[in-house]
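Chemist: Here you go, one structure.
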Amino acid sequence: MLEARIDWDVVRKRMIDRKVYSFIDLAAATGVNKNTLNKRAPFLSTTADRIASFLNCSPLDILTVEEVDQDDPPTDSIPALTPPPAAPTPKASDAARRTQRQALTPARVEATPQQLAAEAERRRVLLEQAEGRRHG
């Protein structure tokens, strides 16, 4: 089965060109949660769009198509859009950093079935385009 994944080596090279040296800075600049930038984490097509837009390239430039085994856990499922569990009481300096981070992070909302269907369609189209590029 074919699966589109973000090519993090390409992303890193383009980040260096833009003088962005950490994924935390990339997350802040794109509005993408830093945990979403995990290599094995599933991603939304809007994530690829945001990263590509920031790096001044096409989403197809940062995607790679790989053959995956059926035994591998699926990575094409959309992650739950629920808030994280409450953390233990933080120190005052942690609270200041969290407030600053929250100002940069968009609010999380539950996805509707229509949004999930639209995301699945966008992924299908991106995968077809990436597959066409690989053979083209």
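Chemist: Restricting the range 24-45 to residues that are surrounded by fewer than 19 Cβ atoms within 10 Å (Cβ to Cβ) and modelled with pLDDT of 85 or more, which is nearest to Leu126 (Cα to Cα)?
Modeler: Filtering first and then ranking leaves Gly31.
Chemist: When you go through (1) loosely packed, with under 15 Cβ neighbours inside 10 Å; (2) under 11 Å from the mean Cα position of the chain (by Cα) one by one for Asn56, which number turns out not to apply?
Modeler: The number of the failed condition is (2).
Chemist: For the range 49-67, how many residues meet the condition of being touching a Pro at 6+ places or on another chain (Cβ under 9 Å) and at pLDDT below 85?
Modeler: 0
Chemist: Within the bounds of the range 82-102, is there any residue that is loosely packed, with under 11 Cβ neighbours inside 10 Å, part of a helix (DSSP H, G or I) and at pLDDT below 65?
Modeler: Scanning the range 82-102, I find at least one residue that is loosely packed, with under 11 Cβ neighbours inside 10 Å, part of a helix (DSSP H, G or I) and at pLDDT below 65, so the answer is yes.
Chemist: Could you please give the count of residues in the range 18-35 that are without any contact (Cβ under 8 Å) to a residue 24 or more places away in the chain, at negative phi and either among the charged types (D, E, K, R) or assigned to a helix (DSSP H, G or I) (or both)?
Modeler: 6
Chemist: Okay, moving on. Among (1) at pLDDT 65 or above; (2) over 18 Å from Asp7 (Cα atoms); (3) surrounded by fewer than 13 Cβ atoms within 10 Å (Cβ to Cβ), there is one condition Ala118 misses while meeting the rest; what is its number?
Modeler: In the conditions (1) at pLDDT 65 or above; (2) over 18 Å from Asp7 (Cα atoms); (3) surrounded by fewer than 13 Cβ atoms within 10 Å (Cβ to Cβ), Ala118 misses (3) alone.
The values are calculated or read from the model by the stated rules, or taken from the named source; none is laboratory data. A quick note: this is a predicted structure, and the numbers were derived from the prediction, not measured. When we count neighbours, we look across all protein chains shown, and the Cβ atoms used for this are built from the backbone with ideal geometry, even at glycine.
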